[in-house]
Amino acid sequence: MVAVSSGGKSPILARQLRARLETLIPASYGRLAEMVGQYRDVVKGKLPKLSMRRRFWESILQGDVADHVLSGRDDLGQQALQAALDAVHVDELQTGEVYLVGAGPGDPELLTFKALRLMQQADIVFYDRLVSKEVLALVRREAEQVYVGKQRAWHKVRQEEINQLLLTQAQQGKRVLRLKGGDPFIFGRGGEEIETLAAENIPFQVVPGVTAASGCASYAGIPLTHRDYSQSCTFVTGQLKQGELDLNWSALVQPRQTIVVYMGLAGLPVLSQQLQQHGLAAETPAALIQQGTTEHQKVWVSTIADLPALAEREQPVAPTLVIIGQVVRLHNTLSWF
Ligand code: SAH
């Protein structure tokens, strides 16, 4: 039974919604529910833990059994269900798994189908500061949500704690979702987190996400490469170590190249000064993109020489990405968002 109400605000809207739901949910779902109901107690007897039963039923309701019943072959459906029940091993349903998933730069529509599917079957989610609340809202509602956002100073300790948390939760048989902003393998420490798992033989999957460079570039109308302006693109971290930036400057200042700087806000003065010192023209175009792909996105275009003053004046907030190179000029004509 599905009920739809608009709380008296718009019965027509409710009717339209009902019509849409009817096309989405075939009437044969009722028969499927009936059959599942008959097996509930048997399954409970065989699989003592709720988490095991949930996993069993999820596979049943997505697989053959459901297909048969929905296409009117209830007998075959029942046989398949019985066969699945006979074949099920408690051990198999007890091993946990970790999903290391890229949540993209903010706009939830930039999630992959795979990310969404795994988000929908997680028992617990560990997320950080960069994961937007719109994306978080798409995680399975019953999943426990744990914020593990890091602050710069106690970075290291925290990271080890997170690695450990993922491990122990998976060892308890849970499906653990590690949701990270952008792509987990780009300045995301995703590699470190799964190394611990690999060492302990915990199964895991990695799902790429739209990294900030792609997301921000697209939504700011700045192609990262362009036949006329740039033949390569380099991603670097602008995070300061003891007030310095340890980058391969001579490689960065090569012509016809786009440089994307992650975590570059605090180090902007050093970045600007070093690039110029190593030969990049002061008037090279540069853009700051704040909270790209979200409704709070802001784009400022300037030159590498003026970046620090611009940031001082406009006070962009994190997360902000820096894009440097001739392609930045295209923002004027290609910006659309
Ligand atoms: N794994 C992430 C990057 C993590 S490092 C990815 O692939 O995108 C964090 C940095 O990413 C921030 O300091 C900022 O420079 C950048 N960033 C992430 N999301 C962003 C966004 N929506 N807008 C602008 N910059 C973003």
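The table for this structure:
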read-out	value
Candidate set from segment 92-102 (those that are within 16 Å of ARG189 (Cα to Cα) and more than 9 Å from the ligand (Cβ to nearest atom)); member that is surrounded by the fewest Cβ atoms within 10 Å (Cβ to Cβ)	TYR99
Given (1) touching a residue at least 24 places away in the same chain (Cβ under 8 Å); (2) surrounded by fewer than 18 Cβ atoms within 10 Å (Cβ to Cβ), index of the condition ALA170 fails	(2)
Any hit, segment 255-262, residues being buried (at least 18 other Cβ atoms within 10 Å of the Cβ) and not in a strand (DSSP E or B)	no
Residue ID - farthest from VAL328 (Cα to Cα), chosen from residues in segment 203-223 that are surrounded by fewer than 20 Cβ atoms within 10 Å (Cβ to Cβ) and not small (Gly, Ala, Ser)	PRO203
Strands (runs of 3 or more DSSP E) lying entirely in segment 142-246 (those with 2 or more residues that are in contact with a strand residue (DSSP E or B) (Cβ under 6 Å, 6 or more places away or on another chain) and more than 16 Å from the ligand (Cβ to nearest atom))	144-147, 175-180, 204-207
Condition met for ARG53 (within 17 Å of GLU142 (Cβ to Cβ), modelled with pLDDT of 90 or more and charged (D, E, K, R))	yes
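The values are calculated or read from the model by the stated rules, or taken from the named source; none is laboratory data. Values in this document were obtained by computation on a predicted structure and should not be read as measured data. Heads up, the Cβs are rebuilt from the backbone with ideal geometry, glycines too, and the neighbour counts pull from every protein chain shown.
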